[in-house]
Amino acid sequence: MGDTNYERRMREFAPAKLTIAHAAAQIVRDGDSLIIDTGTTTTFFARELRQRRNLTIITNSTEIARTLADVAGNKVLLAGGELHGDSGVTYGPNAVDFIARFRVKHAFLSITALDVEAGPMNNSVEEAEFAAMAVTCATHRVIIADSSKFGLSSFARACRWSDVEVIVTEKSPSPEFFTKLRESGTRLVIAAP
């Protein structure tokens, strides 16, 4: 049996994703509340969060839920919805309605594409709807994405640039992105290995 698409994506840019995940985990303190959406970079991020305690995590990823559920003092809430077997993720109106009931300190999003004009994007409407709701539920909104996502476009816009407080990546994007991020008030963090 061959690798699933998710397993293949976990290996792509793995050193960059690990560097980004480590830097993003520095934002989180013991006792924080978070929404973490599904994605390979957010999976690496969840592994880094195993060093934190007493977190409240809301996610639509069974992998992220399993990773953080057995850490001392953590409370993990898994959004319901239609389960996608390849990646172990739930989507749809049930997942969006579930997270809409909460207010958290941080939302960490893994995005498919970062289009300079359209903004952060995902491959499906369901992914974008979950991300869009997550940003409305969080005081601090963080995108964690490797540099290969800059300049790409995808099917559905997840949010506006002005909805994003911080982007954590491993390499500097093009000057046009710096301009767009400055205009929108989005801070860029370049993670060092």
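Taking the criterion of being open to solvent by 50 Å² or more (accessible area, probe 1.4 Å), part of a loop (DSSP other than H, G, I, E, B) and either aliphatic (A, V, I, L, M) or out of contact with any strand residue (DSSP E or B) (no Cβ under 9 Å at 6 or more places or on another chain) (or both), the only residue of the range 50-69 that qualifies is Arg53. Kindly establish whether Arg47 is in contact (Cβ under 8 Å) with a residue 12 or more places away in the chain, assigned to a strand (DSSP E or B), under 26 Å from Glu12 (Cα atoms) and open to solvent by 20 Å² or more (accessible area, probe 1.4 Å). No: the conditions fail for Arg47. Screening Asp37 on (1) open to solvent by less than 30 Å² (accessible area, probe 1.4 Å); (2) without any contact (Cβ under 8 Å) to a residue 24 or more places away in the chain; (3) charged (D, E, K, R) shows it passes everything except condition (2). Per this entry, Thr41 is counted among residues that are among the polar types (S, T, N, Q), in a helix (DSSP H, G or I), at pLDDT 95 or above and under 27 Å from Ser184 (Cα atoms).
Which residues, counting only those in the range 58-75, are β-branched (Val, Ile, Thr) and more than 17 Å from Tyr91 (Cα to Cα)? The answer is Thr67, Val71. Among residues of the range 66-91 that are of a type in the set (Phe, Trp, Tyr), those with a Cβ under 6 angstrom from a residue that is part of a loop (DSSP other than H, G, I, E, B), sequence gap 6+ or separate chain, pair up as Tyr91/Gly81. For the range 147-193, taking the residues that are in contact (Cβ under 8 Å) with a residue 40 or more places away in the chain, closer than 18 Å to Ile20 by Cα and aliphatic (A, V, I, L, M), the one that is most open to solvent (accessible area, probe 1.4 Å) is identified as Ala192.
Applying the criterion of being closer than 12 Å to Cys159 by Cα, part of a helix (DSSP H, G or I) and acidic (Asp, Glu) to the residues of the range 90-146, the residue that is most open to solvent (accessible area, probe 1.4 Å) is Glu129.
Residues that are of a type outside the set (Lys, Arg) and touching a Cys at 6+ places or on another chain (Cβ under 8 Å) were ranked within the range 88-108; the one that is farthest from Thr56 (Cα to Cα) is Ala100.
The values are calculated or read from the model by the stated rules, or taken from the named source; none is laboratory data. Since we're looking at a predicted model, the values are computed, not measured. We place every Cβ from the backbone using ideal geometry, glycine too, and count neighbours over all the protein chains shown. All accessible areas refer to the heavy atoms of the entire protein, side chains included, with ligands and DNA or RNA removed. Shrake-Rupley method; radii C 1.70, N 1.55, O 1.52, S 1.80 Å.
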